[in-house]
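Quick notes on the structure that follows.
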Amino acid sequence: MMNKKAFGAVAVAAAAALALSACSGGSAGGDTAKGEISYWLWDANQLPAYQQCAADFTKANPDITVKITQTGWDDYWSKITNGMASGTAPDVFTDHLSKYPDFLKTKQLVALDDAVTKDKVDLAQYNEGLADLWVGQDGKRYGLPKDWDTIALFYNQKMATDAGITPEQMGSLSWNPQDGGSYEKAIARLTVDKNGKRGDEAGFDKNNVAVYGLGLPGSDAENAGQTQWSYLSATTGWTTTDKNPWGTHFNYDDKKLQETIDWWASLAAKGYMPKLETTVGANAADSFGAGKAAINSNGSWMIGQYTGYKGINVGIAPTPQGPDGKRASMFNGLADSIWAGTKKKDAAIKWVEYLGSAACQDVVASKAVVFPAISTSSEKAADAFKAKNVDVTAFTQHVKDKTTFMLPITDNASKVAGIMKPAMDAVLAGKSPASSLTAANEQVNALFAK
Amino acid sequence: MSTLASPKTGARRRPFSGPFNWRRAIALTLLALAVAVSILPFYWVLRTALSTNGSLAANSANLLPADFNLGAFKRVFGLQSASEAIAEGGSGASINFWQYLWNSLLFSGITTACAVFFSSMAAYAFSRLRWKGRDAVFSLFLATMLVPPIFTALPNFLLIKNLGLLNSMLGLVLPYLFMTPFAIFFMRQFFLNMSREVEEAAMLDGAKHWRIFFQIVMPNAAAPIATLALLTFMGQWNEYFWPLLVGTSEESRVLTVGLGVFKSQSPQGAPDWSGLMAATLVSATPVLILFAIFGKRIVNSIGFNGTK
């Protein structure tokens, strides 16, 4: 219990904290190339690889140790933002294309140009386009690429066989927004109702579906449909913004997109895809693992998750060809950035350069979790996946065939998501037609009008 | 807690003897059903904790653990390396379990001790002292119970932020430290029923309020204080929203928040369910133990207060 004295202590502590907070913050910089630097990442599956990198790094640079902290995605960004405000952000952290424009705006990142020139970092070693993504509007470089991801279709091989669909057929699907092409036919065929009737058979009961042809993780308006619909909309020639990066005009009012979204939402109405409201709080990958969906479109970082389900034989097929006769996949790349408030800038630069080097990216490749940014390392990753009996050509093919397009990088990313998510959810839930996105698009564009 | 109160009407009969009685059969069935419904979630937590992640999805309807395995518990206690965890279909994420447990104990312990103590003092003032406007003030106080906590969350957060107490244990406990209307109400009800004679005798002996409170009232109120302490502790142990807002550093993060963060790894990735459930189970254990020891006392003292 607290007596008078203790209460006094509390009051003093409160006053002291108040005084301290008043004089913190401010000064940043410094340039010691020794001591401990902090490094944050969100993907726990990559933790072992980076622990290995940190150990190797310290062996080569005995003066510097790296403390790695892993924090789940939901919490990661708020912790970084809070840390930047309160002066406790990590020296180096895994950065995301959809987040870094906000950091640039508040000048939270260290430009790497001088270091890249001085240490002769070979920017051509990375897969094409990845390094350029990290050049801000001011023309300066704020991250070195660490990995990339593309989209493919994970499917349940047994279900496909039962439905009479061969892996070759799964690998050569085509799609168009009018009738859905062979992609929709496959989805319908893979959908089975409680009585065992398939989606393309007479008497199919769309209100009592046992297995959905296509799983639904949500509308994903936050990342411009990265895993859900961007691999379709991009084959119609549609782009999210007028230019990328740093577009200032969004195209959600384009008929090409709206047709795509209408088709996509119609899958739920036809009973081939779960209704949006039934997926809230559920995990699409787990539903797939439970045999409730036959196909899931998802990113390469999910390979481990999908191949980890026991008792399910997972096939990976490339995304369908669209009206332009090509496949498409959003190309997203992560990088490591340095926080402007770091007290150990030189050490941090050394670590970032090491993370961006073949030495570390080969280690990441050997663990077969993601595809490293360096071309030679990502080939090694493909081999490592192969050694695990996972054929990842569906993902790498996009890079080889140059059928990728970049994740849209814009200012106001979180505000755009705040407007687009409810609008997209309403369309997907069947509450409004895709033409309602035009109104949302006007709101989004108004953000850039100032 | 309604299932705990047994009806005591009529003569005591042994439930399983005598002629078959439809009413009793129905009552027993309903009771069994109610017990099953309240126990099942706990069983499901245990079952998931003992399962292997990769097998969970495919065996979602199986009552037994899917691929029985203790790895999840090892993960919780930090006895498993990240690569081992991933090989088992878990996530390489670690939960800083002992630190969070310590934080939870501190948070719940400090707030419980202080809130109970200060609330008792306030309740004493509201029940044993006579002062102008006492009942009006008390009514006002009671009225604050009607204000949903979410209304005060933002102003409190801003206050704590401006005091520079974010991410500190002090900032975490401060809003709960002095009193809660419920605790005052609870203690006041008890104090109101205490006999005046002892108190008056003490006054004749020259004791002042301070001494009466500490040497007469408080010792006599041991039972309700224990009850209140336990209820407060359990409430604090399960508190989520405020600690989520204020305690985001490792040093001030409590178990409930830690578990919530552990749930999300990579975007769209499925949570490490067995690890999450194992951690949940372990974190619920202190409260379960407390309840097992003091549960009867709570029921008794609530009954005692309710019948008067």
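Observations on the structure shown:
- Reduction of at least 50 Å² in accessible surface, 1.4 Å probe, comparing all protein chains with the chain by itself, residues of segment A:71-115: A:W73, A:D75, A:K79
- Rounded to 0.05, the FRET efficiency of the B:K296 and B:E197 pair, given R0 = 25 Å and the Cβ-Cβ distance, is 0.25.
- Under the Debye formula (equal points on every Cα, no solvent term), log10 I(q)/I(0) of the protein assembly as shown at q = 0.05, 0.07, 0.09 Å⁻¹: -0.33, -0.63, -0.97
- Charge dipole of chain A (Cα centre as origin; +1 on each Lys and Arg Cβ, -1 on each Asp and Glu Cβ, all else neutral): 900 debye, rounded to the nearest 20.
- Heavy-atom surface analysis with a 1.4 Å probe gives segment A:373-430 a carbon and sulfur content of 53 percent of its accessible area.
- Per DSSP, loop GluC sites (Glu not before Pro) in segment A:168-206 with at most 16 further Cβ within 10 Å: A:E201
- Carbon plus sulfur fraction of accessible area for segment B:209-279, probe 1.4 Å, in percent: 65 percent
- The helix-only estimate of mean residue ellipticity at 222 nm for chain A, built from DSSP H runs of length n ≥ 4 each weighted as -39500 (n - 2.57), is -12000 deg cm²/dmol after division by the residue total.
- Using a probe of 1.4 Å, the accessible surface attributed to B:I86 totals some 50 Å² when neighbouring protein chains are kept in position.
- Low-density loop cleavage sites - chymotrypsin sites (Phe, Trp or Tyr not before Pro) in segment B:127-195, where at most 15 other Cβ are within 10 Å (DSSP): B:W131
- Lysine-lysine proximity count for chain B, Cα under 19 Å, sequence distance 8 or more or distinct chains: 4
- Ranked from largest to smallest solvent-accessible area, with a 1.4 Å probe on the protein heavy atoms, A:T410, A:T88 come out as A:T88, A:T410.
- Rounded to the nearest 20 debye, the dipole magnitude of the protein assembly as shown is 3480 debye, with +1 charges on Lys and Arg beta carbons, -1 on Asp and Glu beta carbons, and the Cα centre as origin.
- For segment B:166-181, the Karplus equation 6.51 cos²θ - 1.76 cosθ + 1.60, evaluated at θ = phi - 60°, returns couplings of 4, 6, 10, 4, 4, x, 5, 8, 3, x, 9, 5, 8, 5, 10, x Hz by residue, with Gly and Pro reported as x.
- Ellipticity estimate at 222 nm from DSSP helix runs (n ≥ 4, -39,500 (n - 2.57)) divided over chain B, nearest 500: -20500 deg cm²/dmol
- Using a cut-off of 20 Å between Cα atoms, the listed pairs A:K206/A:K292; A:K255/A:K400; A:K99/A:K350 include A:K255/A:K400; A:K99/A:K350 as exceeding that distance.
- Whole-percent carbon and sulfur share, accessible surface of segment A:205-327, 1.4 Å: 48 percent
- Computed over chain B: relative contact order in percent, which uses C-alpha pairs under 8 Å that are six or more apart: 26 percent
- Association of chains A and B removes close to 3000 square angstrom of accessible area from solvent, both sides included, for a probe radius of 1.4 Å.
- Å² per residue, accessible surface of the protein assembly as shown at 1.4 Å: 47 Å²
- By the rule of a C-alpha distance below 17 Å, with chain neighbours fewer than 8 residues away ignored, the lysines paired with A:K367 are A:K146, A:K380, A:K386, A:K388.
- Summed side-chain charge close to B:K74 - residues other than B:K74 whose Cβ falls under 13 Å, Lys, Arg +1, Asp, Glu -1: -2
- Think of each Lys and Arg Cβ as +1 and each Asp and Glu Cβ as -1; about the Cα centre, that makes the dipole of segment B:197-268 roughly 340 debye.
- Protein-protein interface of segment A:289-318, residues with accessible area decrease of at least 10 Å², isolated chain reference, 1.4 Å probe: A:G289, A:A290, A:N298, A:W301, A:M302, A:Q305, A:G308, A:Y309, A:K310
- Net +/- balance of residues flanking B:V173 in space, Cβ distance below 15 Å, scoring K and R +1, D and E -1: -1
The values are calculated or read from the model by the stated rules, or taken from the named source; none is laboratory data. Owing to the predicted nature of the structure, the values given are computational and were not obtained by experimental measurement. Positions of Cβ are backbone-derived with ideal geometry, glycine not excepted, and every protein chain shown enters the neighbour counts. Note: areas computed on protein heavy atoms with side chains; ligands, DNA, RNA excluded. Shrake-Rupley method; radii C 1.70, N 1.55, O 1.52, S 1.80 Å.
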